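Notes follow the structure.
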Amino acid sequence: MTAPTQAGWTLERVADELLAAEAERRDRGPITDEFPGLDLASAYAAQDLLVERKLATGEQLIGAKLGLTSEAKQRRMGIDAPLTAWLTDAMPIPAGEPALLGELIHPRVEPEIVFVLGEDLAGPGVTAERALAAVDRVYGGYEIIDSRYRDFKFTLPDVVADNASSARFGMGAVELRPDELDLAAEEAIVEVDGTEVDRATGAAVQGHPAEALALAANALGQRGRSLKAGWVVLTGGMTDAVFLHPGSTVTVRFTNLGTVSVKGV
């Protein structure tokens, strides 16, 4: 595609500005306020440029994520379509390790059903059944999102260009095969410092997490991309995200997938 330009903005500048905001731990207003020509297709091109710059510094691609797959998240953000983004090896937090808030801007935590793929998965035409057959292991997990936009206010192209607010994620110790549990019924209870603040089941994620995985494979297929064996896929926040404050701990208790928590320090 031909990169659009407007008032000095190019897709390269979009990627560079978002990377600089991440590195400098600062937020900013939506880029579309200054660059209204940034549509969804060009935003994905900017996202690819952003991730290519991360890989050029030595990070490695380890998976993909879906964003805004649940109605709760879509209502929270005023957006009505899910999106795809990339995960690198700079993002996982090892079990038991805290989130270093000095590396982030305004982090929020959301519960995730996490897939690890046993085989490649490429769209178009991927069904939920086919997608689930490609899954080797299922984990309970969390994602820390950290939008580079002030107050988490953005349009869909803005958040797509920002790699769907990707920052950090963690996975629990329990691993199951997808046929060992009912993913739509799997519940996640979110607690902040021991107090329940939200709960949802896997059905909140596109009706079933496998539907989200199929959506990701098909969306990436339209862009000539695919999901690879061994990759991690975050299927989308099951509930609205909660802020992670210094000294506070967010815990997610799953029905079958164990418990995972993260403390902000």
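Check whether at least one residue in the range 252-260 is among the β-branched types (V, I, T), closer than 22 Å to I93 by Cβ, in contact (Cβ under 8 Å) with a residue 24 or more places away in the chain and surrounded by fewer than 16 Cβ atoms within 10 Å (Cβ to Cβ), and report yes or no.
Keep residues of the range 252-260 that are among the β-branched types (V, I, T), which gives 252, 255, 259-260.
Applying the additional criterion that residues be closer than 22 Å to I93 by Cβ yields 252, 259-260.
With the extra rule that they be in contact (Cβ under 8 Å) with a residue 24 or more places away in the chain, the set shrinks to 252, 259-260.
With surrounded by fewer than 16 Cβ atoms within 10 Å (Cβ to Cβ) added as a condition, the list becomes 259.
Among the residues of the range 252-260, at least one is among the β-branched types (V, I, T), closer than 22 Å to I93 by Cβ, in contact (Cβ under 8 Å) with a residue 24 or more places away in the chain and surrounded by fewer than 16 Cβ atoms within 10 Å (Cβ to Cβ), which makes the answer yes.
Give the range 29-61 a look and list any residue that's of a type outside the set (D, E, K, R), outside any helix (DSSP H, G or I) and farther than 24 Å from D151 by Cα, or say none. Working first, answer last.
Initial filter on the range 29-61 (of a type outside the set (D, E, K, R)): 29-32, 35-38, 40-47, 49-51, 55-58, 60-61.
Imposing the further condition that a residue be outside any helix (DSSP H, G or I) reduces the set to 29-30, 35-38, 57-58, 60-61.
Matches in the range 29-61: T57, G58, Q60, L61.
The conditions are (1) crowded, with 17+ Cβ neighbours inside 10 Å; (2) over 17 Å from the mean Cα position of the chain (by Cα); (3) within 13 Å of R108 (Cα to Cα); (4) not small (G, A, S), and D240 fails exactly one of them. Which is it?
The failed condition is (2).
Could you say whether any residue in the range 18-33 is farther than 15 Å from D162 by Cβ and at pLDDT 95 or above? Full working, then the answer.
Applying the first criterion (farther than 15 Å from D162 by Cβ) to the range 18-33 yields none.
No, because not a single residue in the range 18-33 is farther than 15 Å from D162 by Cβ and at pLDDT 95 or above.
Just to check your reading of the model, which residue among E196, E211 is over 14 Å from the mean Cα position of the chain (by Cα) and without any contact (Cβ under 8 Å) to a residue 12 or more places away in the chain?
Numbers: E211 fails: without any contact (Cβ under 8 Å) to a residue 12 or more places away in the chain.
Of E196, E211, the one residue that is over 14 Å from the mean Cα position of the chain (by Cα) and without any contact (Cβ under 8 Å) to a residue 12 or more places away in the chain is E196.
Give the residue, chosen from A203, A131, that is within 29 Å of L50 (Cβ to Cβ), assigned to a helix (DSSP H, G or I) and small (G, A, S). Reasoning before the result, please.
On the way: A203 fails: within 29 Å of L50 (Cβ to Cβ).
Just one listed residue meets the conditions, A131.
Pick from the range 233-265 the residues that are part of a strand (DSSP E or B) and of a type in the set (S, T, N, Q): which of them is nearest to E180 (Cα to Cα)? Give the steps one after another, and end with the answer.
The first filter runs over the range 233-265 and keeps only residues part of a strand (DSSP E or B), leaving 233-234, 242-243, 249-254, 259-264.
Cutting the leftovers down to of a type in the set (S, T, N, Q) gives us 249, 251, 259, 261.
Values: T249: 29, T251: 23, T259: 17, S261: 23 Å.
Selected residue: T259.
Do the conditions hold for E191, that is, is it without any contact (Cβ under 8 Å) to a residue 24 or more places away in the chain and part of a strand (DSSP E or B)? Steps first, answer last, please.
Details: without any contact (Cβ under 8 Å) to a residue 24 or more places away in the chain: no; part of a strand (DSSP E or B): yes.
In short, no.
Hey, can you tell me all the residues within the range 96-126 that are buried (at least 20 other Cβ atoms within 10 Å of the Cβ) and either among the basic types (K, R) or part of a helix (DSSP H, G or I) (or both)?
L101, R108
Conditions (1) more than 12 Å from I113 (Cβ to Cβ); (2) of a type in the set (V, I, T); (3) modelled with pLDDT of 95 or more; (4) touching a Ser or Thr at 6+ places or on another chain (Cβ under 7 Å), marked per residue:
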| residue | (1), (2), (3), (4) |
| --- | --- |
| R150 | yes, no, yes, no |
| G172 | no, no, yes, yes |
| G194 | yes, no, yes, no |
| Q206 | no, no, no, yes |
| Q222 | yes, no, no, no |
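For the condition part of a helix (DSSP H, G or I) and either more than 22 Å from R108 (Cα to Cα) or among the hydrophobic types (A, V, I, L, M, F, W, C) (or both), what is the one hit in L215, L183? Steps first, answer last, please.
On the way: L183 fails: part of a helix (DSSP H, G or I).
Result: L215 is the single residue among L215, L183 that is part of a helix (DSSP H, G or I) and either more than 22 Å from R108 (Cα to Cα) or among the hydrophobic types (A, V, I, L, M, F, W, C) (or both).
The values are calculated or read from the model by the stated rules, or taken from the named source; none is laboratory data. The structure presented is a predicted model; accordingly, all values stated were derived computationally and were not measured. Don't worry about glycine lacking a Cβ; one is built from the backbone with ideal geometry, like all the others, and counts go over all protein chains shown.
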